[in-house]
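Below: the structure, in structure tokens.
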Amino acid sequence: MPESGLLSISDFAELSRTTRDTLLHYDRIGLLSPVLRGENNYRYYSVSQLAIVNVIRTFQQLGMSLEDIAGLRDRRTPELADSVFKQQIEEIDKKIKEWVNARKLLLTLQKAISSVSYVDEREITVEFLSAEAIVLGRLNDYSRERSDYDTLLSFYRDVSNNYPGFDLNYPVWAMYSRDKLERKDWSNPDRYYFYNPDGYERRPASLYAIGYKRGGYGINSDLFERISDYIDENGYEISGDAFEEYPINEICAIDDKDYLIRIMIAVKKKEPL
């Protein structure tokens, strides 16, 4: 019979939230052995070993090999433990930040897809949209025959320099100024932006005339025409900028013919004459 306060391997496995096979493996490699073997060769562990096995499992989950863990055990001192724990806490904090950023990205992508679940691509609608946090680039510079590619690259570089802690993996969309819209010039976007819950700018809360179309990037002029005609014919006028985005894109569609373009133009009702 074991001494008082000792745990059988089954009880120890249950309390430490591990398995009997894992404990047997730890014993075979000399990482964690029972404090007592009974006459029946049963293994018995002390309650104090629960803390040890929990540290071993935590280190494993953080990617440390059992060989490295055994090496720490053989050299353990309060100073070494403090140093190792500090290093692992830093790694955990880094992983937490990475997972939080990944969650924000996936929520943003999911929101974009779900926002077009029931749209009718043939219709133009006018809807009030609340403000949304975005990261907005500076005015695009098309001088010296610079292309959209050049301006997009500049946008990424600016965001990287001005917001060093920001994740750049978000889909980037195009903004057209009110002035260009009134001139019916939608050849090149004035700025680029992407949605990010930590963004310092906002896509303004406003009424928006909204239209959709299937197709690849840059095939937008006829949709702008449709929305512009709708605005003129239904007693509205342009009151702000336009935002062009692709809620269905290469992330969730194989063929670019299946991409879904959304254009939103800020509008207001015309004042009666």
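The values are calculated or read from the model by the stated rules, or taken from the named source; none is laboratory data. These figures come from a predicted structure and were not determined experimentally. Using ideal geometry, Cβ is built from the backbone for each residue, glycine included, and neighbour counts are taken over all protein chains shown. Just so you know, the surface numbers come from the protein's heavy atoms only, side chains and all, with ligands and any DNA or RNA stripped out. Shrake-Rupley method; radii C 1.70, N 1.55, O 1.52, S 1.80 Å.
Here are the numbers for this structure:
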item: Some residue of the range 71-83 being surrounded by 13 or more Cβ atoms within 10 Å (Cβ to Cβ) and in contact (Cβ under 8 Å) with a residue 40 or more places away in the chain; result: yes
item: Qualifying residues in the range 19-74 (those that are in contact with a Phe, Trp or Tyr (Cβ under 8 Å, 6 or more places away or on another chain) and among the small types (Gly, Ala, Ser)) - the one modelled with the highest pLDDT; result: 33
item: Residue within the range 35-54 that is without any contact (Cβ under 8 Å) to a residue 60 or more places away in the chain, surrounded by 13 or more Cβ atoms within 10 Å (Cβ to Cβ), assigned to a helix (DSSP H, G or I) and among the charged types (D, E, K, R) present; result: no
item: Matching residues, the range 138-157, being within 22 Å of residue 102 (Cα to Cα) and in contact (Cβ under 8 Å) with a residue 12 or more places away in the chain; result: 155, 156
item: Residue that is modelled with the lowest pLDDT, among those in the range 108-124 that are more than 18 Å from the chain's Cα centre (by Cα) and open to solvent by less than 40 Å² (accessible area, probe 1.4 Å); result: 116
item: Qualifying residue in the range 252-265 (condition: out of contact with any helix residue (DSSP H, G or I) (no Cβ under 7 Å at 6 or more places or on another chain), touching a residue at least 40 places away in the same chain (Cβ under 8 Å), β-branched (Val, Ile, Thr) and within 25 Å of residue 114 (Cα to Cα)); result: no
item: Cross-chain or 6+ apart pairs with Cβ under 6 Å, the range 161-187 first and within 14 Å of residue 243 (Cα to Cα), then assigned to a strand (DSSP E or B) and open to solvent by 40 Å² or more (accessible area, probe 1.4 Å); result: 175/191; 175/241; 177/241; 178/241
item: Residues (β-branched (Val, Ile, Thr) and either open to solvent by 50 Å² or more (accessible area, probe 1.4 Å) or farther than 25 Å from residue 253 by Cα (or both)) located in the range 180-224; result: 219
